[in-house]
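Heads up: the structure comes next, in structure tokens.
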Amino acid sequence: MGCGTASHGALLAAAPLAGPRPRVLALSPPPSTPAIQIQNRLYSISQLPLLKARGKGRCKSSLASNYTQTSEFADLDWENLGFGLVETDYMYIAKCGPDGNFDKGDMVLFGPIEMNPSSGVLNYGQGLFEGLKAYRKSDGSILLFRPLENAMRMQTANKRWVPPTGKGSLYIRPLLVGSGAVLGLAPAPEYTFIIFASPVGNYFKEGLAPINLIVEDKFHRATPGGTGGVKTIGNYASVLMAQKIAKEKGYSDVLYLDAVHKKYLEEVSSCNIFVVKGNVISTPAIKGTILPGITRKSIIDVALSKGFQVEERLVSVDELLDADEMFCTGTAVVVSPVGSITYQGKRIEYAGNQGVGAVSQQLYTSLTSLQMGQVEDSMGWTVQLN
């Protein structure tokens, strides 16, 4: 993986808002990347090769010599697992120099990392991150969900931290940061790639229960020409103030509007949004200010396979008044139904089975059943580890 590739991705300019013509989507075929075609194949954890990204560099990991499997599960209260950091055993670290190539990397004990105070990530926000999950099947094997979409290169030594079946998932966080020292504004001379993991439960304390959102029309998450469509670390700092204010008022999170017209839906703080009307499911189009979520992409394909019509287009805030239901999607939340929206002092509530809409429930069940290996993976999205 060339570190220049990641740096370029963080600087991609966003396209301006287009006209309101919807794009009706067709079901995308299963991925077919010949060089790294590993879906639906069984791997032993000790034999799983690291996936290669484009570029000359190769990433190979070596397990720490003192690693031993002490028990099948870590000593945790799995029944009350929330969404927060739980320090696991190991993390993976590789470095990339000015030549654009990563070293082989190593699996090391989880812990603090040393960094120059003049590093690019601390001074100029040069950093990207990803998020994906591992689930445990009822037979004890482990499934990774769509790792190729995250350009994942790792080998799992934290098997005992994958929660028991139905108790949560292992959240895997790949992180790329400008670790090299730089005083003037410039790309860092060195980048560090890190993967760490933490067992997690539900992102929202409500679980699969309706959340309550407030529409924000003063603060904005992203603007055209910026980095809103890339998973850069700076994108998330901008939502903290509005999110804090919303939670103090009793809301679960914030739904943001576009920064130009201030009337088109964009994202919730850390997840994509969908609006349901009849058999049509609409979601804001990817125009450079909205993150192209992997769960978003997956839900679109699942919805199409279930016979829904999916439109990717500009979605006006006014459409919330007439919607049948709404839901959010993301790696952390998976699918989260929206029970109410408050906009300019007006609260709109959505009916359903205890606030959970029928479409939200159907799509949540379909996707999580696939993620946890409860149904056959006809999409070719999961990678099984023995």
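The residue list S366, C328, S378 was ranked by how far each Cα lies along the charge dipole of region 307-385 toward its positive end, using unit charges on Cβ atoms, and C328 comes out on top. Rounded to 0.05, the FRET efficiency of the T165 and S378 pair, given R0 = 30 Å and the Cβ-Cβ distance, is 0.90. Summing charges over all other residues whose Cβ lies under 12 Å from the Cβ of M326, with Lys and Arg as +1 and Asp and Glu as -1, gives -4. Here each label is just a point 7 Å from Cα along the line to Cβ, and for T365 and D75 those points are 4.0 nm apart. If R0 is taken as 25 Å, the Cβ-Cβ distance between K263 and A237 corresponds to a FRET efficiency of 0.50. With contacts taken as Cα pairs under 8 Å and at least 6 residues apart, region 204-300 reaches a relative contact order of 30 percent. Between K277 and E349, the FRET efficiency from the beta-carbon distance, with R0 = 25 Å, is close to 0.95. Computed packing ranks the peptides 281-289, 74-82 as 281-289, 74-82, most packed first, by mean other Cβ atoms within 10 Å.
Taking a Cβ cut-off of under 12 Å around L240, the surrounding Lys, Arg, Asp and Glu residues balance to a net charge of +2, with basic ones at +1 and acidic ones at -1. Here K287 is the anchor, and the aspartates and glutamates within straight C-alpha reach of less than 16 Å, apart from those fewer than 8 places off in the same chain, are D258, E266, E267, E311, E312. Taking a ≥ b ≥ c as the square roots of the Cα gyration tensor eigenvalues, with a/c under 1.5 meaning rounded and otherwise prolate when a/b beats b/c, else oblate, which class fits region 159-302? It is oblate, given that a/c is not under 1.5 and a/b is not larger than b/c. Extents of region 281-386, largest first, come to 52, 35, 26 Å (Cα atoms, principal axes, whole angstrom).
Compare the peptides 297-304, 229-236 by average per-residue count of other Cβ atoms within 10 angstrom and give them in order, highest first.
Per-residue mean Cβ counts within 10 Å order the peptides as 297-304, 229-236.
Magnitude of the charge dipole for region 162-260, about its Cα centre and with charges confined to Cβ atoms of Lys, Arg (+1) and Asp, Glu (-1), is about 240 debye.
Could you give the distance between the Cα centres of region 69-98 and region 333-381, to the whole Å? Going from one Cα centre to the other spans 28 Å.
At full extension, L185 and L321 could sit 44.4 nm farther apart than now, given 0.36 nm per residue minus the alpha carbon distance.
Quick check: from the Cα gyration tensor, does region 258-335 come out rounded (a/c under 1.5), prolate or oblate? Could the numbers behind the result be given before it?
Details: a/c = 1.68, a/b = 1.15, b/c = 1.46.
Since a/c reaches 1.5 but b/c is at least a/b, the shape of region 258-335 is classed as oblate.
Annotation note: GluC sites (Glu not before Pro) in region 249-321 located in DSSP loop regions with a Cβ neighbour count of at most 12 within 10 Å are absent.
Using C-alpha pairs below 8 Å separated by at least 6 residues, the relative contact order for region 246-315 is 27 percent.
Read-outs: derived from the displayed coordinates by stated rules, not from any lab. Because the structure is a prediction, the values reported are computed rather than measured. Glycine gets a Cβ as well: all are built from the backbone with ideal geometry, and neighbour counts include every protein chain shown.
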